[in-house]
Each structure stands twice: as C-alpha cells, then as structure tokens.
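Novice: Okay, handing you the structure first.
The values are calculated or read from the model by the stated rules, or taken from the named source; none is laboratory data. The shown structure was predicted, so the numbers you read here are calculated from the model rather than taken from an experiment. FYI the Cβ positions are ideal-geometry reconstructions off the backbone, even for glycines, and counts take in every protein chain you see.
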Amino acid sequence: MSLRILVGVKRVVDFAVKVRVKPDKTGVVTDGVQHSMNPFDEIALEEAVKMKEKKLASEVVAFTLGGPKSQETLRNAMAKGADKAIHVEIPEGDVAKVEPLHVAQAIQKVVEKEKFDVVFVGKQAIDDDASQTGPLLAGLLDWPQALYASKVEDGGSGTLKVTREIDGGLDTIKVKLPAVLSADLRLNEPRYATLPNIMKAKKKPLDKIAAKDLGIDLTPQTKILEVAEPPVRKAGGFVADVPELVQKLKEKGFVKG
Amino acid sequence: MDLRCRVLHLYKTLYYMGKEYPKGAQFFHERLKNAFKRNANVTEPKDVENLLERGEFVIKEIEALYKLRKYRAMKQRYYEENK
C-alpha cells in the first residue's frame, strides 16, 4: 500500500506548564507561556511516520488550523518525519474561538482538494479535551472511523486493522480506506526531534492558506460562561490518638454507634 | 567528522536538549558547561572518544527522561490507575 496520510496537529500549552486562569475568567493565560505539540497528536504523527517507514504509507503531511505561531508546531512535526505541512492560518486574536467543528471543516476542505487515504489525529487535545475533531470529520466526510487506536496494521485489500482501546478491554476492527483514525496513549512512543532534523525541517515545504480563503466560518457554536480553577484541597489535621480519631469519624458520620 | 567537530556537535545537541530540562534550562546549561570545561584539557584521542561515548549515553538518558515524564503525566491525567 502507498497511503497518503494527513496528520492533524494542534499547538497547545505545554503539558508541564502550571495552567493559570485569567483574572476575568474568560480562559487561561497563554501569553508568554511555553507551547508545544499536543502529546496525542505526537503519537498520531509518530504512527504515520512509522507507517511510512514500513512502506505502508508514501507520504505524511502535517496539518494545523491556528494562528501564526502554529508554524512552529508544523516545523516540529516535519522535524519528526512529516514530509510537508499545511497551515490553515487564522489571526492570532481568533485562536481562542476555534472549535473542533472548525478544524474538522478545514480538514474536510483540504481532503476534498487533495487525495488522502487516512486522516490521523490525536484522540483529544490536552487543552480543551474535546475529543471531537476525529468523529466530526468522519461524519463530514462520510468516512469510517477508528478512534482510540492502540495498534494499526495492514488489513489487506484496502483496509486497516485497528485495535482500539475501549472501556474494559480492546476492540479490533477492520476499516475500509479512506478512514479517519485517532491515536490513544499506548499506540507508540513518539520520537524526539533531533537538532539536525530541526534544521532540515526548515527546508521542507509549508503551504499557508488563509482560513477565509477556504471559506471557514469561525462563528463559535458554544459560549464560554466562565473558566474557573478547580477547588483547592483543604489541608488535613492530625489526631493525637485512636480515641480522638474514632470520635472525629463519628462526628463526620463515617462510623456509626 | 574529526574529534573537535564531534565534541562541538555533542555540546550543541546537549545544549538544545537542555532547554526543556525539568529543573530549568539554566540549571542544565551551567552543569553542561562545567562538565565540558572540566575535560577541556583531554587531548588523547582515545580518552576523547570515551568521553564522547559518555555524552551519547547522556543524550539517550535525557531523551528517555523526557519521554517517560510526558507519558506518565498523560497517564496520570487521563487514565484511571488499574488495580
């Protein structure tokens, strides 16, 4: 098989950053904060690159919908093995307005223009945790979907055999191509982008398309009422001896009698 | 590549990797510089070769550290601990 794979990657606040809520409660602080590629997208990308190394795929293209800074993420994707990249650009001010539906629509437009056999995305992004881009895209394209993949193999005669992680076990399915796949945590271990590869990635082609030119309407479908920090855990207390512990437990109603 | 070139390359690679070191880039870069300075007067090719090998080993260790750190964070956040 020589599949063309489109991998959706998202620029998110780095997983190691302690996220802070903006004082006006409209979102989280992103200015001057370290960003990186969504870890689940890294896994999707790694799998696509591995498929290329196994000669299952012929080309891996990274895709992102995002502000001008998303270019870094695409360069990083190319350093990790993507052959080229497509950047659907939106103004920096609109970044917070992007929803999974917009991304799915943008990918749909790209897939309609160029032929792709597989669209691979991470199972969810670690910023909004929506987990919707994959399924929405499959719906828009009317393609089969294989979500939460933990193993991807050639299924023969234009299919892929995908092992999925589901509650309480594994689910093995065969999907006809073209299909939408989403990557789970245990699919593989993403590689590290080495310094020479980062240099080489600067020379790889990156297509920039304005979201407006694709006809994508960024009108939000949802309204954010308030973003709040999780409640702080209250400090515990010490008890001197067993009788005091039992008494306290009785007070709280954990022990009867 | 000659030895000098390889040493420089090793330093650059480690410097680049240190930028996202959990304890901070500065912490790593200071130690990195000291480690290289300490061995600056090593001239015997065999000894330099040995040190380069150690450097390669450190690169692998740091890569593994970053991978594991990310994997653990994701696992902790999104997957319930199995008994």
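Novice: Among the residues of the stretch B:25-81, count how many are of a type in the set (V, I, T) and within 14 Å of chain A (Cβ to nearest Cβ).
Specialist: 3
Novice: Here are the criteria: (1) part of a loop (DSSP other than H, G, I, E, B); (2) crowded, with 17+ Cβ neighbours inside 10 Å; (3) over 18 Å from the mean Cα position of the chain (by Cα); (4) not hydrophobic (A, V, I, L, M, F, W, C). Tell me which single one A:T30 does not satisfy.
Specialist: The single condition A:T30 does not satisfy is (3).
Novice: Of the residues A:E114, A:E42, A:E92, which is over 24 Å from A:T219 (Cβ atoms), among the acidic types (D, E) and in contact with a Gly (Cβ under 8 Å, 6 or more places away or on another chain)?
Specialist: A:E42
Novice: Further, regarding this structure: Scan A:I224, A:I198, A:I209 and give me the residue that is on the phi < 0 side of the Ramachandran plot, β-branched (V, I, T), touching a helix residue (DSSP H, G or I) at 6+ places or on another chain (Cβ under 7 Å) and in contact (Cβ under 8 Å) with a residue 60 or more places away in the chain.
Specialist: Checking each option against the conditions leaves just A:I198.
Novice: Taking the stretch A:1-27 as the search range and keeping residues that are in a loop (DSSP other than H, G, I, E, B) and among the hydrophobic types (A, V, I, L, M, F, W, C), which one is surrounded by the most Cβ atoms within 10 Å (Cβ to Cβ)?
Specialist: Checked the stretch A:1-27; the qualifying residue surrounded by the most Cβ atoms within 10 Å (Cβ to Cβ) is A:V9.
Novice: Give just the number: which of (1) under 18 Å from the mean Cα position of the chain (by Cα); (2) at pLDDT 95 or above does A:V98 not satisfy?
Specialist: Going through the list (1) under 18 Å from the mean Cα position of the chain (by Cα); (2) at pLDDT 95 or above, A:V98 breaks only (2).
Novice: Whether any residue in the stretch A:225-238 is within 13 Å of chain B (Cβ to nearest Cβ) and among the aromatic types (F, W, Y) is what I want to check.
Specialist: Scanning the stretch A:225-238 turns up no residue that is within 13 Å of chain B (Cβ to nearest Cβ) and among the aromatic types (F, W, Y).
Novice: Which ones in the stretch A:1-27 are among the charged types (D, E, K, R), away from chain B (no Cβ under 14 Å) and more than 17 Å from the chain's Cα centre (by Cα)? Even if it seems obvious, please write down each step before you answer.
Specialist: Within the stretch A:1-27, the subset among the charged types (D, E, K, R) is A:4, A:10-11, A:14, A:18, A:20, A:22, A:24-25.
Applying the additional criterion that residues be away from chain B (no Cβ under 14 Å) yields A:4, A:10-11, A:20, A:22, A:24-25.
Correct list: A:R4, A:R20, A:K22, A:D24, A:K25.
Novice: With the requirement that a residue be in a loop (DSSP other than H, G, I, E, B) and surrounded by fewer than 13 Cβ atoms within 10 Å (Cβ to Cβ), what does the stretch B:9-30 give you? Walk me through how you get there before you give the answer.
Specialist: Keep residues of the stretch B:9-30 that are in a loop (DSSP other than H, G, I, E, B), which gives B:19-24.
Passing the criteria: B:K19, B:P22, B:K23, B:G24.
Novice: So, one more: For A:A48, only one of the following conditions fails: (1) of a type in the set (G, A, S); (2) farther than 26 Å from A:G139 by Cα; (3) surrounded by 21 or more Cβ atoms within 10 Å (Cβ to Cβ). What is its number?
Specialist: (2)
Novice: Next question, about the same structure. Here are some residues: A:K80, A:K123, A:K109. Which one is in contact with a Gly (Cβ under 8 Å, 6 or more places away or on another chain) and within 14 Å of chain B (Cβ to nearest Cβ)?
Specialist: A:K123 is the lone residue from the list that is in contact with a Gly (Cβ under 8 Å, 6 or more places away or on another chain) and within 14 Å of chain B (Cβ to nearest Cβ).
Novice: Could you check how many residues of the stretch A:173-224 are closer than 28 Å to A:V29 by Cα and more than 14 Å from every other protein chain (Cβ to nearest Cβ)?
Specialist: Residues that pass the stated criteria total 14.
Novice: As an exercise: evaluate A:K69 against (1) in contact with an Asp or Glu (Cβ under 9 Å, 6 or more places away or on another chain); (2) more than 14 Å from every other protein chain (Cβ to nearest Cβ); (3) closer than 23 Å to A:H102 by Cβ; (4) crowded, with 17+ Cβ neighbours inside 10 Å and give the number of the one condition it does not meet.
Specialist: Exception for A:K69: condition (4).
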